[in-house]
Amino acid sequence: MGGLILRRLAQVVPVLFGVSVVVFLVINLIPGDPARAILGTFATPATIADVTHQLGLDRPLPVQYLVWVDNLLHGDFGRSYILHKPVIDEIGARLFPTLLLAGTALVLASVVGVPLGILAAVRQDAAADRIVTLAVLVGISTPSFWLGMLLILWFGVRLAWLPVGGMTEMFGGGGPLDIARHLVLPAATLAAVAGAVLVRLTRGAMLEVLRQDYVRTARAKGLSERRVVVRHAFRNAVVGIVPVIGLQAGFVLGGAVYVETVFQWPGIGRMLVSAIGTRDILLVQGGVLVVACAYVLINLLTDLVQAVLDPRIVAS
Amino acid sequence: MSAPAASLTVTRSARRFALPPALTRLLHNRTATAGALLLAAVALVALLAPVLPLQPPDASHLALRLKPVLTPGHLLGTDQLGRDILSRLLWGTRLSLAVGVFAALMSSLLGSTIGLAAAYRGGLVDAALMRGIDTLMAFPYLLLALAIVAALGPGLFNAMMAIIVVNVPFFARGVRGAALSVVRADFMAAARLCGLSDLRIVFGELLPNVMPGIVIGVSTTVGWMILETAGLSFLGLGAQPPQADLGGMLGEGRNLLQVAPHVATIPGLVILLLAIAINLLGDGLRDALDPKLKAGGTARSRARTDAASGEERRRGLPAPLALARLPLALRGLRTEFRVGRSVYAAVGGVDIAVARGEAVGIVGESGSGKTVTALSVLGLVASPPGRIVGGEILHHGEDLAEVPLRRLQDVRGGRIACVFQDPGTSLNPLIPVGEQVAEVVRRHAGLGRRAAMARAVSLLDAVMIPEPAETARRYPHEMSGGQRQRVGIAMALADDPEIIIADEPTTALDVTTQAKVLRLLNDLRRERGSALLFISHDFGVIASLCDRVHVMYGGRVVESGPVAEVLRHPRHPYTRRLLACVPALGSRTGRVAPIPGLPPSTDALPTGCAFAPRCDRALPACTSGDIALRPVGPDRHARCIRADDE
């Protein structure tokens, strides 16, 4: 197991390298003058020259990359010229709300989606399966930003049960309960689509596993159908579902951009959208890099969980 | 050079015939048809937008701002600038649809090119391309799109470019995977040998073979593309005012949510409809084109094989005889598989009896129905598509095809146990083998966890597994094939069954192990007084284990009798030919004489004798009507009109 962790960690390094190269290239391959793109049309030539030098844009590309990575490793993500503060500070303040939102949504989607997927597989072609399948179809076809608005209209405005946004400061008083009340609608919105995908994949994985020879063996042993499904089939299906949950992490981290915008949630997604609007390229770069790294680490985690569940992985 | 050329022609013609069935399946798929109709309706209205009597989408009337739905002249009301929502909606749908379809096509084009190049070139090219693709996939999908839009600047075209780029890895990976299996196929090597140019091979051979996958990919991603582009427009990063796609309209309506909810909710509804239509169609296309799904391959197998009602199954059966009291008596068993519109009569009326302590063999080629016969006994034939349509499965007079599931489960692994063909797949890979054996003991002997485990270890010892206590904690993948099958035997012996059904238990093992495992199985079952129903394609093995044998062909028993008798004097031409395949037993010269031709497919069995087309002694009468299994001596039966000939 220890060896496996080391091997997987070693595999993560080139991935992180690749991710950093892509993010680096995004800023450097901007058509035209990056400094002008960063500073906007009204910048004076002097400031542009200044920023060009500051960003090291007058040096060769590989050197620029190394300097950039060196700075990153020292916690220097550059400075936002719009917000007039270090990028790292802004990201630091917004990372937790995004992770909280995405994490809650992912847990919600798994807790609801996986059992529904099993139900649909075990009751294949029965009414329960048809209803679940229809719900999945609607779920994966629903734009989350639209669903968010409907929830605001219904639960926030018409029923007035829950706040519809205005969560400006995560820790600005109100305490955990207030955070939870603000979290319900956005997390549910985000979980709906991710959950629908999980139902579909869980159903597929279960159907696949239920056709395996060892399920027939389990039945031939005289085990009850419940035991066959839970102990023999589901346990094997989980091995396939765990990495899917990892992939869904990428989906909720991305989808958080819409949901944060609709619900005015103070996370990285909303920061990115406004940063793109203000051409605050360094902020975009930092935000994308941090979230992508989080995603890589989540996938590392699900890889390891999968290895714990499947003895064959450690062996190979 | 003629052989490779011939194989190329074969694949070509096979392809030409492959499309119509796919189209038929698509048309028969109701959900796909519903999706296609819905999509066609939306697309038609959107396409007709320029000629429909609509107000101009960008004409604002500040006096008519935010009119509600059903306002005269404005069916769906107006927005914050007094523009007609219906008109904007149709023009917006047009735009969203065009962008989604174009993005999916571009993305599949780029991705497929990368995937094909990687698969065809292999080596460094493959490694480099795939490393790049993996890196793109390490990003959360939407964030990469945002980064690209950030670099290029907001705008519908740039948003579309971003969506295209982030979907390329999906296609590249899928196409590479599909193409790799083709690249390794024989006819590709043949094509290279023929001296075809790379381009011709890629476009003439490779692309057509991966095309269904690409079509499925496009159809399942168009919906995504529309949603994602709409999303970027919603965020203000896509279509810029006054031009609006559906997402842009939603974005503009967001600020008016409480004042005029219809401005935002209506475009969202259209996106939803569009996405549902496309996803329905995409799922249908996938079902129609994916060969894995063709044969009902996704159907879950039920707890037991479906069976027709007792009345239906017993129709035409003779009155029960005394042998109905035996541990096992199959009477006129018929098991079918229904796949699409074909019906495979895998077992077409089989009578087999097993007495206490007796070893009975079933022998036949693959496809003869011997395995399905064996699996039918405990209702282990996957259902759907399998179904027991006729006959009885009597266990001491009790019909296992109709006993309650609970009762059947008591018999399974208790009175009747199974040893399966491939120990590599029939043991659960995630559970230590000791537990898998102990599970049977707990279920049937009602022992506690600890006592059951002790019993399991002693069973492992009985099947000659060294260090049984240690091995009990191992997983199947840590053991050899022979060891795994010993575990399978231990599982079957766990509750001292009355009958063990062994379905080719040694076929997956190497020859030296085969003999050992067989001897072990036979010794143990004799010690414990269990009867044996042994399925094999190997007459030699049957001869060494069994007292009586049933020879199956085309789903029916063609000859039966005591093994020694059948060996000495086979009465059915098929048995004779089968024995000729066994060098040591059939012929003194050691010459093997394979039977020409192939066994018939059970969905199109000929009238009369199924073996007649391959038989060197066939007469016209052989194919004119059904031929009965008739007595041809003491305890001997044969299904041949010439059984008495010498």
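Miscellaneous remarks
- Linear extension gain, B:Leu109 paired with B:Asp198, 0.36 nm per residue minus alpha-carbon span: 30.2 nm
- Euclidean distance of C-alpha centroids, segment B:202-243 and segment B:390-434, integer Å: 49
- Simple rule: put +1 on each Lys or Arg Cβ and -1 on each Asp or Glu Cβ in segment A:91-315, find the dipole, and look at A:Leu300, A:Gln212, A:Leu100; the Cα lying farthest toward the positive end is A:Gln212.
- Dipole magnitude of segment A:91-315 about its Cα centre (Cβ charges: Lys, Arg +1; Asp, Glu -1), debye to nearest 20: 740
- Think of chain B as having a plus end and a minus end, set by charges on the Cβ of Lys, Arg, Asp and Glu; of B:Gly424, B:Gly204, B:Val343, B:Val343 sits farthest toward the positive end of this dipole.
- Burial of 40 Å² or greater, segment B:374-411 residues [accessible area, probe 1.4 Å, versus chain by itself]: B:Leu380, B:Gln409
- Descending by average beta-carbon neighbour count within 10 Å, the peptides B:58-65, B:547-554, A:241-248 line up as B:547-554, A:241-248, B:58-65, the highest first.
- What the phi angles of segment A:86-103 give under the Karplus curve with 6.51, -1.76 and 1.60, with θ = phi - 60°, is a coupling list of x, 4, 4, 5, 5, 5, x, 6, 9, 5, 4, x, 5, 5, 4, 5, 5, x Hz, glycine and proline written as x.
- Per residue, segment A:91-315 exposes 37 Å² of solvent-accessible protein surface, assessed with a 1.4 angstrom probe and all protein chains in place.
- Take segment B:32-187 with all the other protein chains still there, run a 1.4 Å probe, and you get 44 Å² of accessible area per residue.
- Residues of segment B:236-263 whose accessible area, computed with a 1.4 Å probe over protein heavy atoms, drops by at least 30 Å² once all protein chains are present relative to their chain alone are B:Leu237, B:Leu250, B:Arg254, B:Leu257, B:Gln258.
- Dipole of the protein assembly as shown [Lys/Arg +1, Asp/Glu -1 at C-beta], most positive-end residue of A:Leu201, B:Ala621, B:Asn522: B:Ala621
- FRET E, pair A:Leu66, B:Ala128, Förster distance 25 Å, beta-carbon r, rounded to 0.05: 0.70
- Per-residue mean of foreign Cβ neighbours for B:147-157 is 6 (Cβ atoms of other chains, 10 Å radius).
- Reachable aspartates and glutamates, given that their alpha-carbon falls under 12 Å from the alpha-carbon of A:Lys221 and they are not under 8 places away in the same chain: B:Asp410, B:Glu439, B:Asp495
- Beta bridges from DSSP with both residues in chain B: antiparallel share about 60 percent, rounded to the nearest 5.
- J(HN,Hα) series, segment B:504-516, from Karplus relation 6.51 cos²θ - 1.76 cosθ + 1.60, nearest Hz, glycine and proline x: 6, x, 10, 4, 7, 9, 7, 4, 5, 5, 3, 4, 4
- Between the amide H of B:Gly390 and those of B:Arg334, distances stay under 5 Å, these residues lying 5 or more places away or on another chain, with hydrogens modeled in the peptide plane.
- Note on segment A:91-315: semi-axes of the ellipsoid equivalent to its C-alpha gyration tensor, largest first and rounded to whole Å, are 36, 21, 14.
- Angle of helix B:481-493 to the longest C-alpha principal axis of chain B, folded into 0 to 90 degrees and rounded to 10: 70°.
- The angle separating the long axis of helix B:141-152 from the principal Cα axis of greatest extent in chain B is about 30 degrees.
- Taking the three principal axes of the alpha carbon atoms in segment B:53-107, the coordinate ranges are 44, 18, 18 Å, sorted in descending order.
- Amide H contacts of B:Ile362: B:Phe534, B:Ile535, B:Ser536, B:His550, each under 5 Å away and 5 or more positions distant or on a separate chain (H built 1.01 Å from N in the peptide plane; Pro and chain starts excluded).
- Spin-label model, B:Ala189 to B:His477: label points 7 Å out along the Cα-to-beta-carbon direction sit 2.9 nm apart.
- With kT/(6 pi eta Rh) evaluated at 20 °C and eta = 1.002 mPa s, and Rh the Kirkwood radius from Cα pairs, segment A:1-114 diffuses with a coefficient of 124 µm²/s according to Stokes-Einstein.
- Rotationally averaged projected area of chain B (alpha carbon convex hull; nm²): 40.4
- Unit Cα scatterers, Debye sum, the protein assembly as shown: log10 I(q)/I(0) for q = 0.07, 0.08, 0.09 Å⁻¹: -0.75, -0.92, -1.08
- Over segment A:242-291: Rg over Rh, Cα atoms, Kirkwood Rh: 1.04
- Cα-derived Rg to Rh of segment A:58-112, Kirkwood definition: 1.22
- Across all Cα atoms of segment B:336-490, the radius of gyration (one decimal) and Dmax (whole number) stand at 17.6, 53 Å.
- Solvent-accessible area buried by pairing B with A, both sides, nearest 100 square angstrom, 1.4 angstrom probe: 6600
- Radius ratio Rg over Rh of segment B:158-317, counting only Cα atoms, Kirkwood formula for Rh: 1.21
- Estimated Rh, segment B:155-203: Kirkwood, alpha-carbon pairs, angstrom: 13.1
- Peptide A:288-296, shielding by other chains (average Cβ, 10 Å cutoff): 4
- Note on A:Asp50/B:Phe157: beta-carbon distance plugged into 1/(1 + (r/R0)^6) with R0 of 41 Å gives a FRET efficiency of 0.80.
- When DSSP beta bridges are restricted to pairs lying wholly in the protein assembly as shown, around 60% turn out antiparallel.
- Cut-off under 5 Å, modelled amide H: who pairs with B:Thr602 long-range: none
- Apportionment of accessible area to carbon and sulfur, the protein assembly as shown, percent (1.4 Å): 64
The values are calculated or read from the model by the stated rules, or taken from the named source; none is laboratory data. These numbers come from a predicted model, not from an experiment. We place every Cβ from the backbone using ideal geometry, glycine too, and count neighbours over all the protein chains shown. Each accessible area value is taken on the protein alone, full model and side chains, heavy atoms only, with ligands, DNA and RNA left out. Shrake-Rupley method; radii C 1.70, N 1.55, O 1.52, S 1.80 Å.
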